Amino acid sequence: MTDYASVLSTLRQVRGLSPFFALDVGRPPGTGPGGDGWLPGDALLDGSALPRTVEAIAERYRTGEDRVAASLFFLSFTARLLCPTVAAHAVGGVAPDIRPGNLWWRYGPDGLRVRIAEPVAGVGVVESLEPVVAAIREVVPVARGLLWGNAASSIAGALRTVGRSGVASVEDCLALGARLLGDPPLRGSGEFIPFPGEVVFRRRSCCLYYRVDGGGTCGDCPLPAR
């Protein structure tokens, strides 16, 4: 089976787990001048697209803290990309390339949308996300550990859904989680809590959602519930 076919087969296998596991492939319609807002992934790394998006998120959530908006952007970004990637590993398939150079993205009234340009095999999670972490920190001085904690939370959330679906056993999900979070900067970002028949994770940093008007703490937050 070719690289393209293997990636496409894996994405089809996992996309039904939830909307966050559905990763579309190919150039989106309406790109270019007068299009509907889709941008190449490399636009995340320089230029005005990322600062504009952080500003739009701040306005949407009515927060005056850019670091909160930056955190929410990356939390959504990692959820959209790491759910199908983690599930691909869980089913023994071929995980896609989610580096910026192989992405399309847009932020609009329906939130953040992300898709891959080509169905090619990817590299490690850290190598894939590190350029985006660096770009966000150039725009907003948000803590590096917070951003990688968001990625860890997305990985754990994906594993929880996979375990609940029965696609892979909870034991296999926990073993995969330990492997994916085993290297820096993901190492030490949180820990899996023993719980019968469930993937339970507690992160060591907070995504700051509680600072949004009407927000609260997430289920894996280290802070007391509020």
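The number of residues in the stretch 187-199 being touching a residue at least 24 places away in the same chain (Cβ under 8 Å) and among the hydrophobic types (A, V, I, L, M, F, W, C) comes to 2. In the condition set (1) over 22 Å from residue 80 (Cβ atoms); (2) hydrophobic (A, V, I, L, M, F, W, C); (3) part of a helix (DSSP H, G or I), residue 151 is compliant with all but (1). Residue pairs whose Cβ atoms lie under 7 Å apart, separated by 6 or more positions or on different chains, with the first residue in the stretch 144-161 and among the charged types (D, E, K, R) and the second part of a helix (DSSP H, G or I), are 144/133; 144/137.
If you check 212, 139 for being touching a helix residue (DSSP H, G or I) at 6+ places or on another chain (Cβ under 8 Å), farther than 19 Å from residue 78 by Cα and of a type outside the set (S, T, N, Q), only one passes: 212.
Scanning the stretch 80-105 for residues that are small (Gly, Ala, Ser) and in a loop (DSSP other than H, G, I, E, B), we see that the one that is surrounded by the fewest Cβ atoms within 10 Å (Cβ to Cβ) is 92.
How many of the residues in the stretch 118-129 are surrounded by fewer than 20 Cβ atoms within 10 Å (Cβ to Cβ) and more than 12 Å from the chain's Cα centre (by Cα)?
7
Of all residues being within 21 Å of residue 26 (Cα to Cα) and out of contact with any helix residue (DSSP H, G or I) (no Cβ under 6 Å at 6 or more places or on another chain) in the stretch 106-117, which is surrounded by the fewest Cβ atoms within 10 Å (Cβ to Cβ)? Just the residue, please. Walk me through how you get there before you give the answer.
The first filter runs over the stretch 106-117 and keeps only residues within 21 Å of residue 26 (Cα to Cα), leaving 106-108, 110-117.
Still in the running and out of contact with any helix residue (DSSP H, G or I) (no Cβ under 6 Å at 6 or more places or on another chain): 106, 108, 110-111, 113, 115.
Working: 106: 21, 108: 12, 110: 7, 111: 12, 113: 17, 115: 20.
It comes out as 110.
Scanning the stretch 118-167 for residues that are among the hydroxyl-bearing types (Ser, Thr, Tyr) and on the phi > 0 side of the Ramachandran plot returns no hits. Among the criteria (1) surrounded by fewer than 17 Cβ atoms within 10 Å (Cβ to Cβ); (2) hydrophobic (A, V, I, L, M, F, W, C); (3) in contact (Cβ under 8 Å) with a residue 24 or more places away in the chain, the one residue 175 does not fulfil is (3).
A short reminder: the numbers here are calculations on the coordinates, not readings from a lab. None of these values were measured; they are calculated from a predicted model. All Cβ positions, glycine included, derive from the backbone under ideal geometry; neighbour counts span all protein chains shown.
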